[in-house]
Structure formats: structure tokens, C-alpha cells
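Contents: one structure, followed by commentary.
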Amino acid sequence: MALNLRQKQTECIIRMLNLNQPLNATGTANEEVYKILIYDKFCQNILSPLIQVKDLRKHGVTLYFLIDKDRKPVHDVPAVYFVQPSQVNVQRIVADASRSLYDSLHLNFSSSIPRPLLEDLASGTLNSESIDKILKVHDQYLEFVTLEHNLFSLAQKSCYVQLNDPSAGDREIEEIVEKVASGLFCVLATLAVVPVIRCPSGGPAEMVASVLDQKLRDHLLSKNNLFTEGGGFASSFQRPVLCIFDRNFELSVGIQHDFRYLPLVHDVLGLRLNRLSVPGEKGGMRSYELDSSDPFWVANGSLEFPEVAVEIETQLNKYKKDVDEVNRRTGGTDGAEFDGKDLIGNTKHLMNAVNSLPELTERKQVIDKHTNIATVLLGEIKERSLDSYAKKENDMMVRGGIDRNELLGVLRGKGTKMDKLRFAIIYLICSESINPSEVEAIETSLRESEVDTCAFQYVKKMKSLNVSLASSNSASRSNIVDWAEKLYGQSISAVTAGVKNLLSSDRQLALTRIVEALMEGRPNPDVDSYLVFDPRAPKSGSGTSGSHLKGPFKEAIVFMIGGGNYMEYGSLQEFAQRQQPVKHVIYGTTEILTGIEFVEQLTLLGQKMGLGSTVASPAPTL
């Protein structure tokens, strides 16, 4: 059975809303109980893409509030709390219980509550003589946001900056790694699977894999563990592979422009939690939801923008044709085939017309929605020449460079400051060697446009370090490595791993090629050095592997530390659909970033290094 993260997480939430009671065939509890839902901001973001207000009503939730808002007592009604296990939230719960705001409190923490916080909860309610108000406490292991069936985010902000900050100490790095591993544990617990873990050696990927492996091993020692249902005889032959990567593995994908519909909507219009707001036709802002309930979005999200525009036109013409057909059959036009003698036939046509109205209305709403979104996108594309940026960046990656005049022409042409900065950084990453005169010309051009060059200087510094590493002899190399790793964290090892980590001619990303090799499980020089962790096998040394772990795998979970994007998600889904039989790939990341947001993180790192200029804000002028 294919792993469906969205469905599994939704089921957990519905069970929680029904006071963690068993559900009947209709998906509701046998006994309907009216209740209040209390959540914090993080858990609101977990609920938002999965549960609508009508779903809350269906499961007996009559009122819902943020935990940090002032709330009035509602007697004789139980309250379901869904919050992160934090000191602030525990203090608020104790205050609510002591004030007897609700009849009883059903506490659900998004991840495992640490023992000290549990003790604070117990002592606080005991001291206020309100411990009887706490009916149940559950660890839900739901600390991640599922945006699509195969897409999730841990919603952990600025991981890339934190992991690559030269001033970060060991303790800070360990805390971030622990947090990422805990988030991944929640995902695996929700899916009830124990995967085989693969990752490149060194850097954040290995650190997270190692911590996660130990977490799973510790948890599996318990008889009644979260993976009992997923650890049966049948599933042991169908275990997924979890592939963990660090953003530096393929830096360019986090920066470049993409001309496909879903990445374009995210990058240009700011898609957040499957929602976006765009200017309406008659003024004002229109808010739209874009998720798996929208058939046009599902079918066309991976297409290039011009193909989407054609598809909108096709759908509109088909809709008009279907409306005309309904009118013709029911006598709504001059050429109607309406036979007064055939009352039964006419009644049948009318009934069919009435039954088709909701479906036609829904189709028209979807067409209008995407017509409006495409119109706004087209305006941005023309104003900023986004089609040109996407094409030239792709050409640079395939060819490994660009003509100097063409490069400077782009930097002096249309586009926001951030568009130009992103283009310049892509040039740096693609070039096999740095031409000082060209780089100087780029920096001059960027400064003329008042662009903050900190991010550009940061990538340039890392690139020069890689060149130093490649050319230095073995005696001096260790000194450079020690100095560089202390200064730049893990990022020096991969920014210019070369053309190998750039786009190949068939547009397949390096990430997708590596995932394909890991799923195949055959000997392959690209992945033979990758570490293997199997939490179900006896521990025989870090990253060692047995031949039985090599695959092939039908299912994979791909996780990117330091920020992911819709371009990688789309590439992995296209790869999975191409396979015979079709494979299943879930993509997750610490946070989903637009190119602008990721470059802002690079800018911050550049500033921490004291590099570049700060003449202008890195924010886009949209």
C-alpha cells in the first residue's frame, strides 16, 4: 500500500478531535460530543491545509481559539488542546485549568512532551487543585505540515543560516540537528514505517541520519511502540528508503527561476499553506486555495506557464460547449430540440440539466480562479522578463557558462533587484572557474542597480575555497579544511561539486538522479559511498550496510535539510510517475522557500562574514 502522509495525518487529527475515541465507518465517533478546540500558532498551521471549518463542525467543534488569546469560560463543555510542548503553553494550560474555563481538558501535544514539562504540568495543576480537570494527555507526533499527499515541511525557519553560521557552537548545531531528527521521527511515526536511511557522508545529512537512527532504535526497544502496526511480516519486505540531503548538495535549485506553473505561483505570488491572495478583476484582493481538491491545479501544476494558459482556454471552451449543449437539450436556445409530445424525454433532459448544474458551476469557478491567477502571473512575467531569466539560467547550467555581453545585458535589463542577484549567483555556481574581470563587471553592474551583494560575495567566497581545496597539495589541504570548516560550517564541501551536481541535458535534477540510484539499489559510483543506517538491524558501526539493504525500493521519502522548493518536489514526482510500475516518492524539507527567501538567508550569512555591501534591502520590489 502506498504511503499517503496527508491521509494519515488527517486521520490522526480527526481522531484527536473526537477525544481520541475509536471512529465508526462514517469517520466520526459513535457518541457526538460538542467541544472547543484550542491551538497555538504552529498547530494552526498544521491544521490549516488539512481541516476546513465545515470539518470542525462535522466533528463537534463549535468554537476554536488560539491559546494565547484571552478566553471566557465555557462551562459543561470539554476542550481539546492541540499545542507544541513548550513552557509557555504548559503555563497557559495550568492557568486555564485553575480558572475552570472548561469542563475538562484533553491535552494533545504535537510531539513528545519532555519529562520536565510534564512534571511542571502536574505540579502546577496539583498546586491549584485543578488536576481533575486534565482528563487525558497524548503525544500526537504530528509536528509537521503536510501540503500535498507527497509533500511536507517541518516548518523550521532559517535552518540553512543556523547550520552554516560560522559563529554557531557545537551545542547550537546539536540542538538544530535534534530538532530536525525529532520532526522526521514524527513523520515516520505517523506513517508507522521504519525506513532504511541513506545519506552522503559528512555534514548535516549524516548528523541528522545518525540521531534519527538512534531515536528509532531506542523507540523500537519498547514492545508497544508506534511502529508495531507498520512492522508486520508483510511490510518488512516493503520498507521505504529515507534519503537525507543537505541544501548545499544542489545549491542552484534553491535560487534559480522556474517557468512551471506551481513553482512560479509559489515564487512570484507567495503561495503559503496552499493559499494565496491576488488582485481581483474588480479591485480588491481575492484569496484562493490551491490543493488536491482543485483538479486543474493537480493536473497542470507541473506544466510550463504557456501550456497552462492554453489549457485554461481549452477548459473554458469545453465549459461553454457543455453549457450550450444543456441549453439546447432543455429548450434554452432558438435551435432547441424540444418535442412537446415527448414529455418523459423532455423531463429527463431537464433532470439531467439540473443535476449537471453544480458540476458546471464548480468548473466555472475553477476556470475563473486560474484565469485570474494566470493574468496576474502574466503581468509579472512581462514586467520582469521571468521567461528570459528561466531560459538563460537553464542554458547556463547545461552549458556551464554564458557569453559576457549576454550576462551583463540581463543584469542591466528588466527584473527586480532580487531577480538580478539570483541570476548573478547562478552564473557563479555554473562557472567551472572564476574569471576575475567578469566577476568585477557583475559586481559593478549589481552595485549600479543598488543590489545588496552580500549573498553574491558569500557564494564567491565558498567557491574560491573549493578551488583552493582542489588545487592545494595534501600537506597543506588539511590546514585549509580546518580553517574553512571552522569559518563556513559544512557549506564549503558542496557549493561547486561541479557540473555533476547541475542540471543534466534532460533537465533531471541531480537530487532526482541520486534518489533514482538509491531506489534501484544497484552498484553505482554516484551512491556507493552513501552511508546506510538500518534501525531494525543490529548496530555494527556508523553507516555500515548489508547487501539486503540495497533495494530495489518501491517507496522513498526524500528529505532536504536547509530549505526545499516546488522545483525539486515536481522533479521527484515526475520521476516516480515515469517508472514502470509507478514508484512512490514523498518529498519533505525543513521549510519550503522561494528563491527570494533562500537568497535572503545567503545574504544574512554574507553579512555575518562581513562580506559585500548593504546598500539596498534584499527584499523584492514586487
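The values are calculated or read from the model by the stated rules, or taken from the named source; none is laboratory data. Computed from a predicted model, the values in this text were never measured in an experiment. Cβ sites come from the backbone with ideal geometry, for glycine too, and all protein chains shown count toward neighbours. Protein only, heavy atoms only, side chains kept; ligands, DNA and RNA dropped before computing areas. Shrake-Rupley method; radii C 1.70, N 1.55, O 1.52, S 1.80 Å.
How much of the calculated P(r) for segment 384-425 lies past 17 Å, in percent of all Cα pairs? Walk me through the intermediate numbers first.
Numbers: 157 of 861 pairs.
Summing the P(r) of segment 384-425 above 17 Å gives 18 percent of all pairs.
How about Lys136: which lysines have a C-alpha closer than 18 Å to its C-alpha, ignoring those fewer than 8 places off in the same chain?
Straight-distance partners of Lys136: Lys35.
Checking the table Lys282/Lys417; Lys364/Lys392; Lys223/Lys539; Lys8/Lys215; Lys321/Lys369 against a 25 Å threshold on Cα-Cα, which pairs fail? Show your work: numbers first, answer last.
On the way: Lys282/Lys417 30 Å; Lys364/Lys392 36 Å; Lys223/Lys539 19 Å; Lys8/Lys215 21 Å; Lys321/Lys369 19 Å.
In this structure, Lys282/Lys417; Lys364/Lys392 exceed 25 Å between Cα atoms.
Roughly how many percent of the accessible protein surface of segment 32-189 is carbon and sulfur, given a 1.4 Å probe and a whole-percent answer?
Numbers: 3590 of 7130 Å².
The value for segment 32-189 is 50 percent carbon and sulfur by accessible area.
Can you give me the accessible area per residue for segment 407-449, using a 1.4 Å probe, in Å²?
Numbers: 1590 Å² over 43 residues.
Using a 1.4 Å probe on heavy atoms only, each residue of segment 407-449 averages 37 Å².
Sort 82-92, 571-581 by packing, meaning the average of other beta carbons within 10 Å per residue, with the highest value first. All intermediate terms of the calculation are to be shown ahead of the outcome.
Numbers: 82-92: 18.5, 571-581: 15.8.
By packing density, highest mean first, the sequence is 82-92, 571-581.
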